[in-house]
1. Among the residues of the range 569-590, is any among the charged types (D, E, K, R), open to solvent by 60 Å² or more (accessible area, probe 1.4 Å) and more than 21 Å from VAL524 (Cα to Cα)?
2. Test of understanding: among GLN312, GLN247, GLN272, which residue is open to solvent by less than 40 Å² (accessible area, probe 1.4 Å) and assigned to a loop (DSSP other than H, G, I, E, B)?
3. Just for the range 325-343: of the residues that are open to solvent by less than 30 Å² (accessible area, probe 1.4 Å) and small (Gly, Ala, Ser), which one is modelled with the highest pLDDT?
4. Looking at the range 181-236, what strands (runs of 3 or more DSSP E) fall wholly within it and have at least 2 residues that are in contact with a strand residue (DSSP E or B) (Cβ under 9 Å, 6 or more places away or on another chain) and under 19 Å from PRO36 (Cβ atoms)?
5. What are the pairs, 6+ residues apart or on separate chains, where a residue within the range 540-564 that is free of Cβ contacts under 8 Å to residues at least 40 places away in the same chain and within 23 Å of ILE582 (Cβ to Cβ) has its Cβ under 9 Å from a residue that is part of a loop (DSSP other than H, G, I, E, B) and open to solvent by 30 Å² or more (accessible area, probe 1.4 Å)?
6. Just a yes or no: is a residue in the range 723-737 in a loop (DSSP other than H, G, I, E, B) and open to solvent by less than 10 Å² (accessible area, probe 1.4 Å)?
7. Scan the range 423-454 for residues that are open to solvent by 30 Å² or more (accessible area, probe 1.4 Å), modelled with pLDDT of 90 or more and touching an Asp or Glu at 6+ places or on another chain (Cβ under 8 Å) and report the count.
8. Just one of the numbered conditions (1) more than 27 Å from ILE473 (Cβ to Cβ); (2) open to solvent by 30 Å² or more (accessible area, probe 1.4 Å) is not true of GLN536; which one?
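The values are calculated or read from the model by the stated rules, or taken from the named source; none is laboratory data. From a predicted model like this one, the values you see are computed outputs, not experimental measurements. Cβ placement follows ideal geometry from the backbone for every residue including glycine, while neighbour counts extend to all protein chains displayed. Ligands, DNA and RNA are stripped out before the accessible areas are found, and what is left, the full protein with its side chains, is counted by its heavy atoms. Shrake-Rupley method; radii C 1.70, N 1.55, O 1.52, S 1.80 Å.
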Amino acid sequence: MASPLVVDLAEVSDADLALVGGKAGKLGELVRHGLPVPPGFVITTEAYRSFVDATDLVRVIRAAIAAVDESRPASTEEASRTIRAAFESAAFPPALRQAIVATYETYVRQHGVRFSAVRSSATAEDLADASFAGLQDTYLNVQGTDQILDAVRRCWGSLFTPRVLVYRQKKGFDHAALSLAVLVQKMVDATVSGILFTRDPNTGENHMIVEAGWGLGEAIVGGEVTPDHYVIDGATQKIVHKQISEQTVRLVRAEGGGNRREDVPAAERSTQKLPDARLARLVSLARVIESRYRRPMDIEWCGDAESLYVVQARPVTTIPTSTVGPSAPAPAEGEAAPILRGFGASPGVASGTARLLNGPAEMDRLKPGEILVTAMTTPDMVPAMSRSAGIVTDEGGMTCHAAIVSRELGVPCVVGTREATRTIADGAEVTVDGKTGSVYRGRRATPERTAPPGTAPGVAVAHESVPVTATRILVNVGVPEKAAEYARLPVSGVGLLRIEFIFTAHVREHPLALLKRGKKEELVRRLADGIGQVCQAFHPRPVIVRTSDFKTNEYRGMPGGEPFEPVEENPMIGWRGCSRYISSVFRPAFECELEAIHRVRTDQGLKNAMVMLPFVRNTWELEEIAATMKAAGLRRSRDFKLYLMAEVPSTVLLARDFAHHCDGFSIGSNDLTQLVLGADRDSETLGRMGYFDERDPAVLRAIQLLIEGAHAEGATVGICGQGPSVYPEFAEYLVRQGIDSISLNADTVVTTARSIAAIEQRMKLDGLRGG
């Protein structure tokens, strides 16, 4: 288990994205917090690279991808067939095979495993701004060593299916930069399964949406059945709506492994799939998960006769910017009502020619701008979905494949209409209202789209009306591939670009391991490419690049990291941030980060790249770091600003002293809160008891002291956490204290900017009344 090729699920976390992928990292995090997750192990991205490097696959992949011609869709399918066949026929290197087999046999003995689920876990999967829903393969009810190894190979090959190649291209991910981990978990003999959103993904309202169906969940995700639909009030946790659907078929385990479909007994077809008591238990689990991640979550779950289990948790990537969105105009008196109603799965309105498709084989019949009408979508239909103007399906709920992917693509979608393929004639003109779940005959006047095709509906574009605010509104950028999309937002620049995300997405190896192998130029180039991509998209608006702040446990989990990282009892307050930069051990890696930023500013001519230092403890370390930066060609000046993260109480208490070494501060509310209150931000127990809260009077007082001290010395103060978008009263406190800027996640920019404008207007009115 110590091998980087294979790791126990209980030993991984979100910090291990580069090694185990998004799905496994989040599930491992939940295991650590005591949530019910089936046991398992992860075959890592290091194993994937070992497999690829030991075979002829590198050559095959490069040649096949190079032959893809975007003007000829069939070339994508040809490349996919070539690559997948090569994966499925390649032999495992002996050491890798031995590591997988030994771990599998131990896992079977320890957990009494008969059947397993073999699931993809990609490094670009389940990220905060992209959900690769159903795009890589999963194999259920797998048994025995040979079946496991075969399923692993096929999972790896699914990284290159046509649908994945098209979807990655659509979302702006680099094919070559991705790798795939594989998660093997004990299979739950599920009698009921479903999905839960902790926030309504279509309207953004504070409702939990739960869907449940008999048998295995793949039938729901695939849109084969229309599940029960429950709406839970987010504040009271009371059930406010139930829609019980008839289910005639379910997916269950076949004798000897694999899956089979069976008829649901007549007495069970129209019964409530999840009784109220189990529904309340599921909602309780979801609240714990949302409190851990502090953002809306999309949760897959299943249950056997006794227990409920969480089998996936990922951020909801498409929360709309407001609950007021475009809908088709209401019918005038005497005008025809909708011809179909279903679930509004992806907001927006589209009119066009209906094209009925009976499956992926007919995708070429759909022309750009037409309305895709089908019984259900499958992952293989993503190429057609991406060029459609709207989507209508017979089956499916808010959480089926069609719903998730259409929201990602920004395409209006109505699912679960029951009879779209019988009601709508091929070639007919129709209008789809993805907010209300209605389909109308003919073309209707449609509101102007608020985002270009392919833009996720949770991200507004620059022309959306947003009031001007005295408080500067900035945006946080995760992966560089989203920069061009986020640059259309009405923001003044980037308040936080974490260089760690570039490490995990573009570098994918411990920096000191790369340097030891003589790969300095490769390291600097990859960092500069990622930073430059963001700076180019936002130019000339400033981009504040925060240098690396991995903690020792996170760095240790990166490929090649173990020899360079000590094991610390409390890495949260250990060797991190600026203390690394002045260490002779890590300084060479920090110098590579500085060189990359310098290249962006000089070689690429992007002078909007600024620097922010994390986890600052003392002024003397800043003096040493300033000398290192000066040697790298980065010196504070009129067009180069240096910012400090205000996370440690010493920066607050001595704000005026620290201000002499920087141009401004950015409040890291999570670390500041935990260090002011002595409350571990990762402690589920303390979080549930209410100890960890950035609105605590002590934290608010610390923020006030920082703003007063910084402003006294002419330095600015901003914040780059989620607090202002989650807690309106916290945002109001910051504005009233005179904070200079607030940097937000992209999906909250518009709504929070409007809230801040309203706060500033109230302050003006209060001032007039007081005068």
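1. Our first condition is that a residue be among the charged types (D, E, K, R); within the range 569-590, this holds for 569, 576, 580, 587.
If we keep only those that are open to solvent by 60 Å² or more (accessible area, probe 1.4 Å) too, we end up with 569.
Retained after the next criterion (residues that are more than 21 Å from VAL524 (Cα to Cα)): 569.
The answer is yes, given that some residue of the range 569-590 is among the charged types (D, E, K, R), open to solvent by 60 Å² or more (accessible area, probe 1.4 Å) and more than 21 Å from VAL524 (Cα to Cα).
2. On the way: GLN312 fails: assigned to a loop (DSSP other than H, G, I, E, B); GLN272 fails: open to solvent by less than 40 Å² (accessible area, probe 1.4 Å).
Going through GLN312, GLN247, GLN272 in turn, just one is open to solvent by less than 40 Å² (accessible area, probe 1.4 Å) and assigned to a loop (DSSP other than H, G, I, E, B): GLN247.
3. Per the criteria, the residue is GLY342.
4. Details: elements: 192-197, 207-214, 228-233.
In the range 181-236, the matching strands (runs of 3 or more DSSP E) lie at 192-197, 207-214.
5. Note: pairs meeting the criteria are THR552/PRO566; THR552/VAL567; THR552/GLU568; THR552/TRP575; ARG556/PRO566; ARG556/VAL567.
6. Of all residues in the range 723-737, those in a loop (DSSP other than H, G, I, E, B) come to 727.
Subset that is open to solvent by less than 10 Å² (accessible area, probe 1.4 Å): none.
No: the range 723-737 contains no residue that is in a loop (DSSP other than H, G, I, E, B) and open to solvent by less than 10 Å² (accessible area, probe 1.4 Å).
7. Of the residues in that region, 1 qualify.
8. (1)
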